[in-house]
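Below you'll find the structure, written out as structure tokens, and then a few comments.
The values are calculated or read from the model by the stated rules, or taken from the named source; none is laboratory data. Note that the structure is predicted; figures quoted are calculated from it, not measured. Here the Cβ positions follow ideal geometry from the backbone for every residue, glycine too, while neighbour counts run over all protein chains shown. When the accessible area is computed, the model is the full protein with side chains, heavy atoms only, and any ligands, DNA or RNA have been set aside. Shrake-Rupley method; radii C 1.70, N 1.55, O 1.52, S 1.80 Å.
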Amino acid sequence: MALYSEKVMDHFRNPRNVGVIEDADGIGEVGNAKCGDIMKIYLKIENDIIVDVKFETFGCGSAIASSSMATELIKGKPVSEAMALTNKAVAEALDGLPAHKLHCSVLAEEAIKAALEDYYKKNGLTYDPTLFPNCANCGHCCKADQCGQ
Amino acid sequence: MTIYADNAATTKMSRTAIEAMLPYMDKIYGNPSSLHSVGQKANEALTAAREQVAACLGCDARGITFTSGGSEADNQAILSAARLGQRKGKKHIISTAFEHHAVLHTLNRLEKQGFEITLLDVHENGLITPEQVADAICPDTCLVTVMYANNEIGTIQPIREIGAVCREKGVIFHTDAVQAVGHLHINIREENIDMLSLSAHKFHGPKGVGVLYARKGIPLTNLIEGGAQERGKRAGTENIPAIMGMAAALQEACGKIDSTSAQISALRDKLIAGLSEIPHSVLNGDAVRRLPSNVNFCFEGIEGESLLLLLDDKGVYASSGSACTSGSLDPSHVLLAIGRPHEIAHGSLRLSLSEETTREEVDYMIDAVKDVVSYLRSISPVWRDLVNGKSNFVIQ
Ligand SMILES: Cc1ncc(COP(=O)(O)O)c(C=O)c1O
Ligand SMILES: [Zn+2]
């Protein structure tokens, strides 16, 4: 289907880093099943390096591809680099997403940030909360008033 | 193997339809409004096609207006009845919450112009009752429009009974029969239908051509002004090849409804039985009062688009919700209308069969859907929470 780039289809068909990490150091879940997309990211962090990352996603093709790409982009990287990951970087690495699917890359960025925030909290580390969006109840993918139904 | 299971979106043209069109492209290509022989030949063909269509539908040929398809017919039917009502000071229209957007968006427009629109609730089985219609009709009601069969979940409404209610109360009754014509026996006269829309590409005819039927005494409002074609109600040189293809396709389809519907509904039921084996799945729409070709399921814990993409990889061409809504991120208004919660409505699949569908294809589709659903559940955090008891199943 020509809706998506080949990169997107590759990551959708063969997603990298799918699964769970039982003893994860940080877990982040964003999105809302009512909206049609939920992403969950698990991080294993040693000496400030993301040594392992896994994801689970409920969502469309670009949601699965965005999670897969985002995990690839942060795996083996220092926490500070993961913190700097943007949705734009995820979308670009996928050779672009259709306009109405850009929210999927936003969710991927937020899922990783949520997992990092969880890591900071669990380890009692000080961090700047303003760097983290409040994505407990995302409103990216559908009209927020409908999500409450 | 590739399997086309999206016949509710559109169908492959039949040989009969293609061959009926060809002479009107390079042999009898005259303009039916021209006085010379080749024009008059085209005009005769147009008349014959009109009569053929009327005979298939059980109506007067003078009530047939050829349009560019189902959407145009729906728009013109509703706007015409609304204008007629307005002239009498009646500005109330009754419809259902799960109509096609060609109807719903037209009603939205009228609402902005001061009409009052009542959208009847659809029962969980995808049906409305004639009593609901009777109860909603008031002295101001100028139109009831209820689709014959739903495009997503295939449920067939009690049209004859709704028509009878409208006739008794003197209210115009329109039905969007785009999904039904050519697949179900329809008789406009016997079923108390005042106006009806159909579209050729849903019964193996060409795309971009359809019919609006309106009984005598219902003047149409033009959507397109210009020449005097179609009794002045729809300007523009007639698309003769398409009209000829449509008439031939309709005659062919109507001539074999009994055999094809028996054949296709047996495959439908086999497919429904197979997919019902998937845990936490549910058939959308009544199992009996549904189109022979329609199968529509929700699968808990997964999302529909990824299901479709992976089925495409396996050669199964399906759809989720209606083709028109892909590109929109909101779940199907039809599934919401029958009470499926948002999170379930996202995980829907429509497989729509044709007489070309085989038993082997049905077996293949059952296996393919089972595989893809279980794979997508294996990577879904929603499914994990359901299985671990952290959240409750909506579909038991
Ligand atoms: C129920 C219904 N109404 C109207 C239409 C619109 O018909 P068309 O595509 O010919 O405009 C369709 C299909 O697309 C339909 O399924
Ligand atoms: Zn959302």
Shape category assigned to chain B from the gyration tensor of Cα positions, a/c cut at 1.5: oblate
Heavy-atom accessible surface of the protein assembly as shown: percent carbon and sulfur, 1.4 Å: 51
Under Karplus coefficients 6.51, -1.76 and 1.60, residue-wise ³J(HN,Hα) of the range A:14-31 in Hz, glycine/proline x: 10, x, 8, 6, 7, x, 10, 10, 4, 9, 4, 8, x, 10, x, 10, 10, x
Principal-axis tilt of helix A:102-122 within chain A, Cα atoms, nearest 10 degrees: 20
Amide H partners (placed H, <5 Å) of A:Gly26, local residues excluded: A:Leu43
Pair B:Ser34, B:Ser259: separation of 7 Å Cα→Cβ label points (nm): 4.0
Order of exposure, largest accessible area first, which applies to B:Ser391, A:Ser67 with probe 1.4 Å: B:Ser391, A:Ser67
Longest site-free stretch - chain B; sites: chymotrypsin sites (Phe, Trp or Tyr not before Pro), DSSP loop, at most 16 other Cβ within 10 Å: B:30-392
Low-density loop positions, trypsin sites (Lys or Arg not before Pro), the range B:342-395 - DSSP coil, at most 12 other Cβ in 10 Å: B:Lys390
Candidates A:Leu125, A:Leu85, A:Leu97: whichever shows maximal mean-square fluctuation once chain A is modelled as a Gaussian network with Cα springs under 10 Å: A:Leu125
Point-charge dipole on Cβ atoms (K/R +1, D/E -1) for the range B:260-352, about Cα centre, debye to 20: 420
³J(HN,Hα) computed for each position of the range B:88-102 - Karplus, 6.51 cos²θ - 1.76 cosθ + 1.60, integer Hz, glycine/proline x: 9, x, 9, 10, 10, 10, 10, 8, 10, 6, 10, 5, 5, 4, 4
Qualifying lysines (Cα of each under 28 Å from Cα of B:Lys390; at least 8 residues distant if same chain): A:Lys34, A:Lys40, A:Lys44, A:Lys54, A:Lys113, A:Lys121, A:Lys122, A:Lys143, B:Lys370
Formal net charge of residues neighbouring A:Asp95 (Cβ-Cβ distance under 11 Å; K, R +1; D, E -1): -2
Estimated inter-spin distance, A:Lys88 and B:Val394, nm [label 7 Å along Cα→Cβ]: 3.6
Chain B: angle of helix B:240-255 to the longest principal axis, Cα-based, in degrees nearest 10: 60
Surface per residue (accessible, 1.4 Å probe) for the range B:102-238, Å²: 39
Chain B: antiparallel DSSP beta bridges as a percent of all, rounded to 5: 50
Net lengthening on full extension, B:Arg167/B:Arg83 (0.36 nm per residue, minus Cα-Cα): 28.3 nm
Choice from A:Ala111, A:Ala65, A:Ala99 showing the highest fluctuation, given a GNM over chain A with Cα pairs closer than 10 Å: A:Ala99
Most fluctuating residue given options A:Pro98, A:Pro129, A:Pro15, as computed from a GNM of chain A linking Cα atoms under 10 Å: A:Pro129
Amide H within-cut-off set for B:Thr67, under 5 Å, with H built and near neighbours excluded: B:Gly210, B:Val211, B:Leu212
Amide H contacts under 5 Å for B:Asp6, placed H, 5+ residues apart: B:Ser352
With at most 11 other Cβ atoms within 10 Å, longest stretch of chain B clear of loop GluC sites (Glu not before Pro) (DSSP): B:1-189
The range A:26-85 versus the range B:286-309: alpha-carbon centroid distance in Å: 30
Threshold 40 Å², the range A:8-24 residues less accessible with all protein chains present than alone (1.4 Å probe): A:Phe12, A:Arg13
Accessible area buried at the A-B interface, both sides summed, 1.4 Å probe (Å², nearest 100): 2400
Rounded to 10°, Cα long-axis angle of helix B:304-313 versus longest principal axis of chain B: 90
Euclidean distance of C-alpha centroids, the range B:47-120 and the range B:245-267, integer Å: 25
Average Cα contact separation per residue, the range B:147-267, under 8 Å, 6 or more apart, as relative contact order %: 21
Percent RCO, i.e. relative contact order, over chain B, from Cα pairs under 8 Å lying at least 6 residues apart: 22
Relative contact order of chain A, pairs being alpha-carbon contacts under 8 Å that are 6 or more residues apart, as %: 28
